[in-house]
1. What strands (runs of 3 or more DSSP E) lie completely within the stretch A:1-47 and have 1 or more residues being in contact with a Gly (Cβ under 7 Å, 6 or more places away or on another chain)?
2. Scan the stretch B:23-31 and give yes if some residue there is part of a strand (DSSP E or B), over 23 Å from A:Ala93 (Cα atoms) and either at pLDDT 95 or above or open to solvent by less than 10 Å² (accessible area, probe 1.4 Å) (or both), otherwise no.
3. Could you list, in sequence order, all residues of the stretch B:37-55 that are assigned to a loop (DSSP other than H, G, I, E, B), of a type outside the set (Ser, Thr, Tyr) and open to solvent by 40 Å² or more (accessible area, probe 1.4 Å)?
4. For the subset of the stretch B:1-22 comprising residues that are part of a loop (DSSP other than H, G, I, E, B) and of a type outside the set (Lys, Arg), which member is nearest to the other protein chains (Cβ to nearest Cβ)?
5. Please go through (1) more than 8 Å from chain B (Cβ to nearest Cβ); (2) more than 29 Å from B:Pro29 (Cα to Cα) for A:Glu68 and return the number of the only condition it doesn't satisfy.
6. Scanning the stretch B:82-112 for residues that are among the charged types (D, E, K, R) and at the interface with chain A (Cβ under 9 Å from one of its Cβ atoms), which turns out farthest from B:Thr51 (Cα to Cα)?
7. Can you pull out every residue in the stretch B:1-22 that is small (Gly, Ala, Ser) and within 22 Å of B:Ser93 (Cα to Cα)?
8. Out of the residues in the stretch A:85-101 that are more than 28 Å from A:Thr13 (Cα to Cα) and either open to solvent by less than 10 Å² (accessible area, probe 1.4 Å) or more than 8 Å from chain B (Cβ to nearest Cβ) (or both), state the one that is modelled with the highest pLDDT.
Amino acid sequence: DTGVSQDPRHKITKRGQNVTFRCDPISEHNRLYWYRQTLGQGPEFLTYFQNEAQLEKSRLLSDRFSAERPKGSFSTLEIQRTEQGDSAMYLCASSLGGKSNQPQHFGDGTRLSIL
Amino acid sequence: KNQVEQSPQSLIILEGKNCTLQCNYTVSPFSNLRWYKQDTGRGPVSLTIMTFSENTKSNGRYTATLDADTKQSSLHITASQLSDSASYICVVSLTGFQKLVFGTGTRLLVSP
């Protein structure tokens, strides 16, 4: 169990640029989640995959955001035409399917700073 | 509106002392309640998960309680250590949905 891995750990970019983050979940986990966390706040749900299917999306996920999990393993989160309000920590989590009380295991996030 | 509120916002205690963190929620339909520990710059780590029928659950020096009638939970930390300094986040899961509703956390500082 190598844990959930996210890349990069930090990303600094200019407003208007596109950015893409990657998440590698724990290998046997079929569920994968993306969250956004701003300073002093708890994480906010963005989207959820079961295998390769994106089953839930938050209203926070504007049309500039897109997430994929093409083979049911790793996932990418892309933000197009970044805005200063996109500055946040983007967290990925994974869990086993089945019972609803399975813990979500989080990665250490990608911190995005928009200049 | 589904909300999770935590108190206090921040807390400073001396090493070796006990403390209790509080969580109130207005989330429906309720599935389970979780406590996470988040160190600065790291992702949250699960401490406990309790379903509707569970009143208490322990994980080492951490003990969580749940009163589903009053929609309140607490996290008690015994014999605090410097490494307990972190944010503690109360999280509620909704039945039928995969999203979790997070509180804003209690920032705990354990002082030597």
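The values are calculated or read from the model by the stated rules, or taken from the named source; none is laboratory data. Only a predicted model underlies this, so the values are computations on that prediction, with no experimental measurement involved. Cβ placement follows ideal geometry from the backbone for every residue including glycine, while neighbour counts extend to all protein chains displayed. These area figures cover heavy atoms from the full protein model, side chains too; ligands, DNA and RNA do not enter into them. Shrake-Rupley method; radii C 1.70, N 1.55, O 1.52, S 1.80 Å.
1. A:5-7, A:19-24, A:31-37
2. Yes, because at least one residue in the stretch B:23-31 is part of a strand (DSSP E or B), over 23 Å from A:Ala93 (Cα atoms) and either at pLDDT 95 or above or open to solvent by less than 10 Å² (accessible area, probe 1.4 Å) (or both).
3. If the condition is that a residue be assigned to a loop (DSSP other than H, G, I, E, B), of a type outside the set (Ser, Thr, Tyr) and open to solvent by 40 Å² or more (accessible area, probe 1.4 Å), then B:Asp39, B:Arg42, B:Phe52, B:Glu54, B:Asn55 are the ones that fit.
4. Filtering the stretch B:1-22 for residues that are part of a loop (DSSP other than H, G, I, E, B) and of a type outside the set (Lys, Arg), the one nearest to the other protein chains (Cβ to nearest Cβ) comes out as B:Gln9.
5. All conditions are met except number (2).
6. B:Arg107
7. B:Ser7
8. Across the stretch A:85-101, the extreme among qualifying residues is A:Ser95.
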